[in-house]
Amino acid sequence: MNYLGGPVLGIETSCDETSIAIVNGRNVLSNIVSSQTELHKTWGGIVPEAAARKHIESVIPCLSVALCQASLSLNEILGIGVTNRPGLVGALSIGVTAAKAISMSLDIPMIGIHHLEAHILSPQMAADIPYPHLCLLVSGGHTEQILVKRPGQYQRLGGTIDDAAGEAFDKCARTLGLGYPGGPAIQNAAKSGDPKRYSLPRGLKDHTFDFSFAGLKTATMQLVERESDKLDLNDAAACVEEAITSVLSDRAVYASREFNCSAITLAGGVAANSSLRKKLETECARRSFPFFAAPLELCTDNAAMIAHIAAWRLSLGEFDTFDMDVFGRSNLPQEKIT
Ligand code: KG4
Ligand code: ZN
């Protein structure tokens, strides 16, 4: 990938993290993430209006810290990338409005970035990855198997037919009373648990590129009811983690083989899960197959991955105008092949 030669600003406000970053190509100069987790914990999930209001408070302070950490002043920025799709519409609007204001005042180009494309190409910020490769994108809202033919050219091979993997972690954690967000809570509790103690469903039969996690959520509720006081929380957490990560790992390997991929990449919030990283690493090493996980700090939502895509797309001469809108839902961008 080629990049704009100089500092590019990234703005991410699609969900519950306000993040501002500055990159130079794939070099991250600063990546400030202000998480709203504490706020939303009160409700046990994300409240869209509260998220938007918190972004209003945080966006300029995050920008000041990002500039300070990168030792840059605002007028040294060459371009801006902002997440404009998909996400919570009210939350996205805050980032996009900030991007438009900065772009207009500095007279520099601005481009709207697809949040999932930023996740998909985030492993490339740390390594040169061959094409075509299979990206397993696992987050709170998405669980997708994407064939990355080259940057900008993606084919969806499969994904969840109900809950996303992160959603499954979050819902099962809530059922087990482990709190929010569920992924890190389950990973933590699972450390001292026995992943074979309870039997939990894997969803769908083998030889598919899809996933289903709704049955796991129900089975976890039944487990809690059945075992009542006898339930060992650490063992239950380990079993939930095993059920989610084993099926993700197995089906990513299956898809990569069926489509003759040159590597597997792992991205999105759930990619921070150490058991999932280890499983894919071990499985790929056993087959002498290249595997690249996004660096931990780039797994959960962050603006560095947004600035990274902007630095690339702006270098191709792409940009957006001030009538750019935000979108709650959106398909991945498809590049015209020249
Ligand atoms: O990518 P992300 O930050 O936001 C979305 O775009 O959805 O992903 C958030 C999701 C949450 O569901 C959270 O529970 C999960 O990622 N997550 C984890 C871990 N850290 C975050 N899941 C499993 N293990 C983790 N260590
Ligand atoms: Zn995300």
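The values are calculated or read from the model by the stated rules, or taken from the named source; none is laboratory data. Note that this is a predicted model, so its numbers are computed, not measured. Note that we place each Cβ from the backbone using ideal geometry, even for glycine, and neighbour counts take in every protein chain shown. Protein only, heavy atoms only, side chains kept; ligands, DNA and RNA dropped before computing areas. Shrake-Rupley method; radii C 1.70, N 1.55, O 1.52, S 1.80 Å.
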Residue (of 55, 130, 307) at the positive-pole extreme of the chain, dipole from beta-carbon charges: 130
Percent RCO, i.e. relative contact order, over the chain, from Cα pairs under 8 Å lying at least 6 residues apart: 25 percent
Solvent-accessible heavy-atom area per residue, rounded to whole Å², over the range 80-229 at 1.4 Å: 40 Å²
From phi via Karplus (6.51, -1.76, 1.60), per-residue ³J(HN,Hα) for the range 116-132 in Hz, x at Gly/Pro: 6, 4, 4, 4, 4, 9, 5, x, 6, 6, 10, 7, 8, 10, x, 10, x
Count of lysine pairs in the chain with Cα separation under 16 Å (8 or more residues apart, or interchain): 7
Net charge dipole size for the chain [Lys, Arg +1 and Asp, Glu -1 on Cβ; Debye, nearest 20]: 660 debye
Chymotrypsin sites (Phe, Trp or Tyr not before Pro) restricted to the range 267-338 and DSSP loop, no more than 13 other C-beta within 10 Å: 322
Å² of accessible area per residue within the range 245-324, as computed with a 1.4 Å probe and no ligands counted: 39 Å²
Stokes-Einstein diffusion coefficient of the range 209-271, Kirkwood radius over Cα pairs, 20 °C, 1.002 mPa s, in µm²/s: 156 µm²/s
Heavy atoms of residue 33: accessible area, 1.4 Å probe, square angstrom to 10: 70 Å²
Degrees, to the nearest 10: 214-227 long Cα axis against longest axis of the chain: 50 degrees
Contact order normalised by residue count of the range 130-263, Cα under 8 Å, 6+ apart, percent: 29 percent
The chain, helix-only ellipticity at 222 nm - DSSP H runs n ≥ 4, -39,500 (n - 2.57), divided by all residues, nearest 500: -13000 deg cm²/dmol
Zero-based 10 Å bins, Cα pair distances in the range 1-103, whole percents: 16, 47, 28, 8, 0
Most fluctuating residue given options 147, 204, 216, as computed from a GNM of the chain linking Cα atoms under 10 Å: 204
Surface accessible to a 1.4 Å probe, residue 207 within the full protein complex, Å²: 150 Å²
From the C-alpha gyration tensor of the range 249-338, square roots of 5λ in Å: 30, 17, 13
Distance between modelled label sites at residue 126 and residue 49, nm, 7 Å Cα→Cβ extension: 4.0 nm
Under 5 Å, built H, 5+ apart or other chain: amide partners of residue 293: 266
Between 0 and 90°, nearest 10: helix 165-176 axis offset from the chain longest Cα axis: 50 degrees
Gaussian network model of the chain, springs between alpha carbon atoms under 10 Å - residue of 244, 146, 46 with greatest fluctuation: 46
Largest-first ordering by accessible area, 1.4 Å probe, given options 100, 278, 149: 278, 149, 100
Accessible surface of the range 30-86 [probe 1.4 Å, protein heavy atoms]: carbon and sulfur percent: 58 percent
Debye equation applied to the C-alpha atoms of the chain, log10 I(q)/I(0) at 0.12 Å⁻¹: -0.83
The chain: angle of helix 89-106 to the longest principal axis, Cα-based, in degrees nearest 10: 30 degrees
Scaled radius of gyration (Cα, divided by 2.2 N^0.38 Å) that the range 64-213 gives: 1.33
Exposure rule at most 16 other beta-carbon atoms within 10 Å, DSSP loop GluC sites (Glu not before Pro): the chain longest free segment: 1-317
Cα centroid separation, the range 130-185 to the range 297-313 (Å): 17 Å
